[in-house]
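Working notes for the structure below.
The values are calculated or read from the model by the stated rules, or taken from the named source; none is laboratory data. None of these values were measured; they are calculated from a predicted model. Here the Cβ is made from the backbone with ideal geometry for all residues, glycine too, and neighbour counts use every protein chain on show. Just so you know, the surface numbers come from the protein's heavy atoms only, side chains and all, with ligands and any DNA or RNA stripped out. Shrake-Rupley method; radii C 1.70, N 1.55, O 1.52, S 1.80 Å.
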Amino acid sequence: MTRAATMDSARGGQAERGGARPVVLVVEDEAALATMLRYNLEKQGYHVEEAVDGQEALTRIAEAPPDLVLLDWMLPTVSGLEVCRQIRRRPATRDLPVIMVTARAEDQDAVRGLNTGADDYITKPFNIEALLARVRALLRRASSMPAKGKLVFHDITMDLAAHRVWRNERPLHLGPTEFRLLEFLMQHPRRVFSREELLDAVWGKDIHVEPRTVDVHIRRLRKSINGEGELDVVRTVRAAGYALDTEVV
Ligand code: CA
């Protein structure tokens, strides 16, 4: 699978968000600075999203990972440092490019010395051209990396090359049929498939299997992926089939 296809299904709403334009998430609590960054980034053709504190940033990143994060060091609720740590800890966002933005008053040695996991950092007040150059360089580096064959839906990450699946950071153990079923559903999030369509896609057209077999494997899949207190992401649509969805209906 191509990187583009993978990223599309990972993002779901990419078309509405930025189309082919790279999505940059600006995490900044100073409104004037956020506005200046948005203006300059949009002028360069990026699609800009904003978060005003660390918690909002983590929520947005979990819902739909951007292509790059500009992350202020000093933030309300959750610090930039902690946001960066959490980005690195989650399999779905481990490779997400992060540029840390720090104020001169903050201890530069500490920033440099700490293993924040940021790919780059820049000191306030910064030259906007210098910042844009770093954004460009990092996005170029990220897009030249080989396709990872990774699918992401909500808090589920599937690594196709390694044949492994996680929910949050918990490894899931799926049977081969459940793995293929989840892979297919993750490639087409929120789309409803009938039992017959799932049989064709997952089992193959030539194999004769009772449609009820699909129910059995959906049940096993649910059991494997839904932990205690976790949202059931497999939606049963009466008289229609199944979909991978976060909206409980
Ligand atoms: Ca700040």
In this structure, the FRET efficiency calculated for D200 and R222 from their beta-carbon separation, with R0 = 25 Å, to the nearest 0.05, is 0.70
Given the peptides 120-130, 77-87, arrange them by the average over their residues of other C-beta atoms within 10 Å, most packed first.
-> 77-87, 120-130
Computed accessible area, D206, all protein chains, 1.4 angstrom probe, square angstrom | 150
Applying the gyration tensor rule to the Cα atoms of the stretch 150-244 (axes a ≥ b ≥ c; rounded if a/c under 1.5, else prolate if a/b exceeds b/c, else oblate), the class is prolate
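Got a sec? What order do H163, H188 fall in by accessible area at 1.4 Å, biggest, i.e. largest, first? Could you put the intermediate results ahead of the total?
Working: H163 110, H188 55 Å².
Putting H163, H188 in descending order of accessible area: H163, H188.
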Could you name the aspartates and glutamates in cross-link range of K205, using Cα to Cα under 12 Å and dropping any fewer than eight places away on the same chain?
-> E196, E197
R191 long-range amide H proximity, modeled H, under 5 Å = L244
Length added when fully stretched, R141-V237, from 0.36 nm per residue minus Cα-Cα = 30.3 nm
Applied in sequence order to the stretch 205-219, the curve 6.51 cos²θ - 1.76 cosθ + 1.60 (Karplus, θ = phi - 60°) yields integer Hz couplings, x standing for Gly and Pro, of 5, 7, 8, 8, 10, 5, x, 5, 4, 4, 4, 4, 6, 4, 4
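Using per-residue counts of other Cβ atoms within 10 Å, averaged over each peptide, order 96-102, 169-175 from highest down. Walk me through the numbers before you get to the answer.
Values: 96-102: 22.4, 169-175: 13.0.
Top to bottom by mean Cβ count within 10 Å: 96-102, 169-175.
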With label points set 7 Å from each Cα along the Cα-to-Cβ direction at A31 and A103, the distance between them in nm comes to 1.8
Karplus-derived 3J(HN,Hα) from phi for the stretch 72-87 (6.51 cos²θ - 1.76 cosθ + 1.60, θ = phi - 60°), whole Hz, x at Gly and Pro, runs 5, 6, 9, 9, x, 6, 10, 5, x, 4, 5, 4, 4, 4, 5, 4
